[in-house]
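Novice: Below is the structure I would like to discuss, written out as structure tokens.
The values are calculated or read from the model by the stated rules, or taken from the named source; none is laboratory data. What you see is a predicted model, and the numbers here were worked out from it, not measured in a lab. Cβ sites come from the backbone with ideal geometry, for glycine too, and all protein chains shown count toward neighbours. Ligands, DNA and RNA are excluded from the accessible area calculation, which covers all protein heavy atoms including side chains. Shrake-Rupley method; radii C 1.70, N 1.55, O 1.52, S 1.80 Å.
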Amino acid sequence: LELVSQVSVTNMQQAAVVNLEPLTITLDNTHINGKLNYKTGKPGQMLLDLKGDALDLDQYLASTKTADNAGHSSVQTTAPVSVSQTEQGAATPAPQSSGDEPLPLTNALALPGDYSIAFERLVVNHLQLANVVLALNIAGEKLTLQKMAADLYQGSLQVDGSLRVPVGASPQL
């Protein structure tokens, strides 16, 4: 993984803006270009715009042949502990998910902003997608999928919608 960018910080006295622009990421044979801007504040505001050529996620999956040949083994895992910083600087445990959420969206909602990611070609679990576009906005307790589109097989997929995730209540699609 190689990440190359120029960093600039502006407006340090009020809400600072941190810019990583231009942003170039190289991951194995994948080349991604774009920008990342973050404006501090309560809440902060993120702008992420990335465009890539080809990404084959299948190359990062564990091989089933390797797992079958490895024999039986046991693996212990522990749940990650998140810590947040109070205004006085003392670390306190951050609220944990109840475990009842089908998707842990509360962490995603902590980074409000606009996100846009596009790839010319994307391979996921042997599914080959072309002209992939994902654009979403996160604001408050609402995640809005502005556009998700891809060409696959001899057709195309286009999806939009929104998901409201109120604290302590079930998400609403």
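Novice: Name every residue in the stretch 4-31 that is in contact with a strand residue (DSSP E or B) (Cβ under 7 Å, 6 or more places away or on another chain) and within 20 Å of residue 120 (Cα to Cα), in order of residue number.
Specialist: Once the filter is applied, which keeps residues that are in contact with a strand residue (DSSP E or B) (Cβ under 7 Å, 6 or more places away or on another chain) and within 20 Å of residue 120 (Cα to Cα), the stretch 4-31 yields 22, 23, 24, 25, 26, 30, 31.
Novice: Quickly run through the stretch 1-47 and pick out the residues that are more than 30 Å from residue 59 (Cα to Cα), not in a strand (DSSP E or B) and not charged (D, E, K, R).
Specialist: Selection gives 11, 12, 13, 14, 15, 16, 40, 41, 43, 44.
Novice: Mind listing just one residue for me: the one in the stretch 113-140 that is within 19 Å of residue 160 (Cβ to Cβ) and surrounded by fewer than 17 Cβ atoms within 10 Å (Cβ to Cβ) and, of those, farthest from the chain's Cα centre (by Cα)?
Specialist: Ranking the qualifying residues of the stretch 113-140, first place goes to 131.
Novice: Can you pull out the residues in the stretch 148-167 that are loosely packed, with under 13 Cβ neighbours inside 10 Å, within 25 Å of residue 46 (Cα to Cα) and not aliphatic (A, V, I, L, M)?
Specialist: 158, 160, 161, 166
Novice: Out of all the residues in the stretch 62-71, is one or more open to solvent by 60 Å² or more (accessible area, probe 1.4 Å) and at pLDDT 85 or above?
Specialist: No, the stretch 62-71 has no match at all.
Novice: Which ones in the stretch 38-57 are open to solvent by less than 50 Å² (accessible area, probe 1.4 Å) and modelled with pLDDT of 95 or more?
Specialist: Matches in the stretch 38-57: 46, 48, 49, 50, 52, 53, 54, 55.
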